[in-house]
Amino acid sequence: MERFTVVMRDDEVSLSLGQRIVSHLISENKILDDENPQIVISVGGDGTMLHALHQRMHQIENVLFVGIHTGTLGFFTDYEASEVEDLLEDVVHLPPMTEEVQLLEVRRFNGDSFESLYAINEARVENIIKTQSIDVYIDKEYLETFRGNGLCVSTQIGSTAYNRSLRGAVLLPSIRAMQLTEVAGIHHKLSRSLSTSLVIPENHIIRFESKSYYDSILCYDHLHIRLDGVDAVEFRLCKKAARFARYRPTSFIKRLNNLY
């Protein structure tokens, strides 16, 4: 890997470590390239890595990502702040293993036309102002009419993120699937929905239709966009993938064990 860039969280420890990484790699004749890097080094936490991933979404399949965390342990980062020398040694001298993480494609429909957005962890339709009614379809087959704050669709890796706080299931990496989980659903004799999370294998499409998405927002990872004027939203796992450089592979079970 000759060309690199570094994305840093805006705190003293992360900025200091980031500058140290830049200086060392340049001294090793690596090229600092913010436009077309081969590897992106994230210094911070999972939020910093998500920022780096979305920043490079236009070239996501041509870039490798590796992270060093300066706060709590994250699922995207392999090194602690005290292991910066190990990171530098590995990046300079070792060929990494590559781990691909399948992305979630989210399509916002206005009539027959649509716009695609992409998420690593999850995307959700949410309305915090009023009750949102959503007709849910799986592959064009009606499942339910949900009423409540909203619905979340997560990826396998995102099953440990916001989905977990909604009491959704954690999925192992071998399970290539999406997960549909409710956000504050309303349940009584006049308003019923599944109420539990639903795991949906890849190659299926989840579709949300509503008579009105006014005041609703679409949150995808750390980003959001209003849904005013949108007719429907679809979710599918796509061929597009984020690629992580694993110099020191850590098992998913170990990452999960460190989470709680």
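The values are calculated or read from the model by the stated rules, or taken from the named source; none is laboratory data. Remember, predicted model here, so these are calculated numbers, not experimental data. When we count neighbours, we look across all protein chains shown, and the Cβ atoms used for this are built from the backbone with ideal geometry, even at glycine.
Values as computed for the structure displayed
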read-out	value
Pair list, Cβ < 7 Å and 6+ apart or interchain, from the stretch 207-234 residues that are free of Cβ contacts under 8 Å to residues at least 60 places away in the same chain to residues that are among the hydroxyl-bearing types (Ser, Thr, Tyr) and part of a loop (DSSP other than H, G, I, E, B)	Asp228/Tyr213; Asp228/Tyr214
Arg124 being of a type outside the set (Phe, Trp, Tyr), part of a loop (DSSP other than H, G, I, E, B) and assigned by TED's automatic domain parsing to the domain that holds Asp231	no
Any hit, the stretch 94-114, residues being touching a strand residue (DSSP E or B) at 6+ places or on another chain (Cβ under 7 Å), hydroxyl-bearing (Ser, Thr, Tyr) and surrounded by 18 or more Cβ atoms within 10 Å (Cβ to Cβ)	no
Some residue of the stretch 111-121 being out of contact with any Pro (no Cβ under 9 Å at 6 or more places or on another chain), closer than 24 Å to Asn257 by Cβ and in contact (Cβ under 8 Å) with a residue 40 or more places away in the chain	yes
The one condition in (1) surrounded by fewer than 19 Cβ atoms within 10 Å (Cβ to Cβ); (2) touching a residue at least 40 places away in the same chain (Cβ under 8 Å); (3) within 15 Å of Phe75 (Cα to Cα) that Gln156 fails to fulfil	(1)
Residue ID - farthest from Arg243 (Cα to Cα), chosen from residues in the stretch 51-78 that are aromatic (Phe, Trp, Tyr) and either part of a loop (DSSP other than H, G, I, E, B) or without any contact (Cβ under 8 Å) to a residue 24 or more places away in the chain (or both)	Phe75
Test for Ser195: is it out of contact with any Lys or Arg (no Cβ under 9 Å at 6 or more places or on another chain), at pLDDT below 90 and assigned to a loop (DSSP other than H, G, I, E, B)	yes
Residue that is modelled with the highest pLDDT, among those in the stretch 79-119 that are among the acidic types (Asp, Glu) and within 22 Å of His54 (Cβ to Cβ)	Glu105
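For every residue, the table says whether it meets (1) under 30 Å from Val91 (Cβ atoms); (2) buried (at least 17 other Cβ atoms within 10 Å of the Cβ); (3) touching a Phe, Trp or Tyr at 6+ places or on another chain (Cβ under 8 Å); (4) not assigned by TED's automatic domain parsing to the domain that holds Gln179.
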| residue | (1), (2), (3), (4) |
| --- | --- |
| Ile200 | no, yes, no, no |
| Tyr213 | no, yes, no, no |
| Cys219 | no, yes, no, no |
| His222 | yes, no, no, no |
| Ile225 | no, no, no, no |
| Tyr247 | yes, yes, no, yes |
| Thr250 | yes, no, no, yes |
| Ile253 | yes, no, no, yes |
